[in-house]
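Here's the structure, in structure tokens; my notes come after.
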Amino acid sequence: MKSIGIILAGGNNNRIGRLSDKRAIAALPVAGSYRAIDFTLSNMSNSRVSKVAVLPQFNARSLNEHLSSSKWWDFGRKQGGLYVFTPTVTKNNNSWYQGTADALYQNIDFLKKSHEPYVIIATGDGVYKMDYGKVLEAHIAKNADITVVYTTLKDTDDDLTRFGVLKLDENERIVEFEEKPLVASSNNVSIGVYVIRRRHLIEILERCAREDRHDFVQDVLVRYRNVRKIYGYKLDTYWRNIATVDSYFKTNMDFLKKDVRDYFFKQYPDVYSKVDDLPPAKYNTGAEVKNSIISSGCIVNGKVENSIIFKDVYIGNNCTIKNSIILNDVYIGDDSYIENCIVESRDTLRPGTNYVGTDDEVKIVIEKNVRYIL
Amino acid sequence: MIKKEMIAMLLAGGQGSRLGVLTSKLAKPAVAFGGKYKIIDFPLSNCINSGIDTVGVLTQYQPLRLNQHIGIGIPWDLDRNIGGVSILPPYEKSQNTDWYTGTANAIYQNMEFMEYYHPDYVIILGGDHIYKMDYELMLEFHKKNNAQITLATYEVPWEDASRFGLVITDENNQILEFEEKPANPRSNKASMGIYIFNWEVLKEALETLSEQPGCDFGMHVIPYCHQRGDKIMAYNYQGYWKDVGTLSAYWEANMELIDIIPEFNLYEEFWRIYTKTDVIPPQYFSADSKVNACIVGDGTEVYGEISNSVIGAGVVIEEGAVVTNSIIMNNTVIKKGAKIEKSIIAESVEVGENAELGVFEEAENKYKPKVYSGGLVTIGEGSVIPANVKIGKNVAIVGKTTAEDYPDGILASGESIIR
């Protein structure tokens, strides 16, 4: 393959709220059976990028656990592999990754030791399918210095001002790039996927480091947009970012739509994830499931409606779960009522628990009860 | 030097003809079970959970599915540098090439495989039972008793005992006599077909009996060892053990999983059953779906109604379809308005719109009355059932059928279509 992959999975965001208390955003469970980073990892694997480095920083334990083996995404090859580079203290450096460019710079040896001519940089919090090979083709055809993948969002899809907003000329060259603007001047947002020649990246990173600049977007894309040929490449299929509570909730709920499910679950290529060896889901008498996603290992005794139930969840008798997301390994005692909530993984809800959020603001439920052995 | 204390030899070559059309394209151990598993997952998971990391799987009849399923053993953690899982089909030799003619003959033909690991003990397993068993406990029992051979036994109900191969033991569980399906049983301890042999004993017996046609453990090897005075112990296993060798037993074992707290529980953390997972996405239930007492596999979409059924992975139950008391295996599609009652439908079948399965009065199957009984409808892998047909009980269908195969749109009870 012509390129190596780097997944920036280090960022945190206070708009994801307490859901990032115990995990990096890239490790957030999505669509019942997956973690956010599975989408990007599967894209890499399906684009035949066989050497991929993940750069986590914030709360990496859960992510590292998920990445404990590379076999799920078919990376464990003699040529290539899946590397996880958490920040380390060295003789020359004793700080955390101070930004995306710094995270790349601190792993510049990985770039220097590779022989592939191109680098594909991506984030770990996007839900989409993409053949990066196509981006690379366009990058080469245009003789670009950097290619930035963007998509066009409707105002109702997400809050545009939390993204990098771009304007392009008729040749798709980026003429304006504003990171997290106060007011979005266009509906084209960067999805955080960049293609760049490896030697060029090394040169830019070394220069940034000399100038004490640390952010890839501000200090490279925005700063160089007039002097370097930075092109856009449009992704016109489904793409969502899950880094806020609102978008996380909406993206999960999107999977209740048949076209979204068919696109991700049935069309080539597949999205891969770590296999948990759970038994199939079980529905006892009294279960009632309407317009919902249920994952393996669940035992359902109550009523579930318009909800996403992740793996290994127990729902007791006479419960009602409505418009909610129940994350992995939650136990919900009998007679509970949950509406418009996200229930944090491994929670134990005692019988008769009531939690109700609103349509505008979903409630994040975090309970620390001890689970009784049944 | 390469050395393993105990290795397992898993006999997976049989057709399992009593499962009828379910095994027309695959060996019995590769038949699906419980919405996610294949029968061979149980002995394979038992091996790794018991600390046995070297398993030879002997294949012969229709091995493709089995080979694909087992691969290099990743799902069971049997991908090892030394040992792991090896698939052992019959092979051509410089002289006396032969198929596996019997259980013991199959093991005999793989003598070199076993010798490579210098085992102290060899455990012989079958691939046709659903159970969780710690073979390590059996080995401890074997060692403690200084046995040459230990045979696992299971106490069956006295009224059924005459259907089994039985052992008669003394008070220390040493076996005194064997009885094969006796009219008047004197014991209810049935042999489970699981044997631990001291390596030297096994090797000597197999070499001595190498000329025996159709050499079989139960019929030849064990009697031979018994006769020459080897100490043979009975290890009485007391957990769940279910033979799924007939369609009725197979159907019942699946249905038992649906109970609120099933006797055989797949949901315990302890002693997980591993399998190759091909389908990762979760399952979906539409706003109009109904579900009652079911087990459902990953990636399945339910728009109709399912009750008392075991549904595999990647299945689609369309609007208005009703599935009751049935087993539906992976990637099968039940079209709109179809009614399925007490059926076993294998992988990748398409049941047409408004087709009805399992209707009419029961009648004995004309083709193989002993195989297709219990009122079940059995549909083989890859079959197509056209729209609007009515199909009776004790029926077997395999192949892509069209409306012409159903005069007046009916296939009466007891009929079969085998393609």
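Each value in this text was obtained by applying a stated rule to the coordinates, not by laboratory testing. Everything numeric here is computed off the predicted structure, so don't read it as measured data. Counting neighbours? That spans all protein chains shown, and the Cβs are built from the backbone with ideal geometry, glycine included.
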In whole Hz, the Karplus estimates of ³J(HN,Hα) for region A:58-75 (6.51, -1.76, 1.60; θ = phi - 60°; x where Gly or Pro) are 7, 6, 7, 4, 4, 5, 4, 4, 5, 8, 4, 9, 8, 5, 5, 9, 6, 9
Among B:122, B:351, B:201, which one shows the biggest mean-square fluctuation in a GNM of chain B, springs joining Cα atoms closer than 10 Å?
-> B:201
Using modelled backbone amide H atoms (1.01 Å from N, in-plane), which distant-in-sequence or interchain residues come within less than 5 Å of residue A:229's amide H?
-> A:145, A:146
DSSP loop (so not H, G, I, E, B), at most 10 other Cβ within 10 Å: list which GluC sites (Glu not before Pro) in region B:147-235 pass both filters.
-> B:171, B:211
Angle between chain A longest axis and helix A:132-141 axis [Cα atoms, degrees, rounded to 10] = 20 degrees
Region A:20-94-region A:332-374 distance, computed between alpha-carbon centres (Å) = 29 Å
Pull up all non-local amide H partners of residue B:390: gap of 5 or more, or a different chain, and H-to-H distance under 5 Å with H placed in the peptide plane.
-> B:356, B:410, B:411
Just need the relative contact order of region A:280-363 here, percent rounded to a whole number, with Cα pairs under 8 Å and 6+ apart.
-> 20 percent
Just flag the trypsin sites (Lys or Arg not before Pro) in region B:308-409 sitting in loop per DSSP whose Cβ has no more than 16 other Cβ atoms within 10 Å.
-> B:336, B:366, B:370
Report the full-extension gain for the segment residue A:140 to residue A:109: residue separation times 0.36 nm, less the Cα-Cα distance, to one decimal in nm.
-> 8.7 nm
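Could you list the GluC sites (Glu not before Pro) in region A:192-244 that lie in coil according to DSSP, counting only those with at most 15 other Cβ atoms within 10 Å of their Cβ?
Answer by residue number: A:211.
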Can you give me the Cα centroid spacing of region A:159-200 and region B:220-273 in angstrom?
-> 63 Å
Within region B:18-32: backbone nitrogen closer than 14 Å to the residue B:373 label point (7 Å, Cα to C-beta) = B:18-20
Roughly what angle does helix A:198-210 make with the longest principal axis of chain A, taking Cα atoms, 0 to 90 degrees, to the nearest 10?
-> 90 degrees
Shape call for region B:2-254, from the Cα gyration tensor axes a ≥ b ≥ c (a/c under 1.5 means rounded, otherwise prolate when a/b beats b/c, else oblate), comes out rounded
A correct fewest-to-most ranking of A:347, A:215, B:408 by other Cβ atoms within 10 Å would be B:408, A:215, A:347
Long-range amide H contacts for residue A:287: which residues qualify at under 5 Å (H placed 1.01 Å from N, peptide plane, sequence gap of 5 or more or a different chain)?
-> B:293
In order through region B:203-209: 3J(HN,Hα) via Karplus (6.51 cos²θ - 1.76 cosθ + 1.60), integer Hz, x for Gly, Pro | 4, 5, 5, 5, 5, 4, 8
Given only helices, namely DSSP H runs of n ≥ 4 each adding -39500 (n - 2.57), what is the per-residue ellipticity at 222 nm of the protein assembly as shown, to the nearest 500 deg cm²/dmol?
-> -4500 deg cm²/dmol
When B:114, B:9 are arranged by how many other beta-carbons sit within 10 Å of their Cβ, fewest first, they go B:114, B:9
Cross-link table A:257/B:390; A:71/B:36; A:78/B:25; B:336/B:400; A:274/B:339, entries beyond 25 Å C-alpha to C-alpha = A:257/B:390; A:78/B:25; A:274/B:339
Angle in degrees between helix A:245-254 and the longest Cα principal axis of chain A, rounded to the nearest 10 | 70 degrees
In whole Hz, with x marking every Gly and Pro, tabulate ³J(HN,Hα) for region B:28-36 from phi via Karplus 6.51 cos²θ - 1.76 cosθ + 1.60, θ = phi - 60°.
-> 3, x, 8, 6, 5, 8, x, x, 8
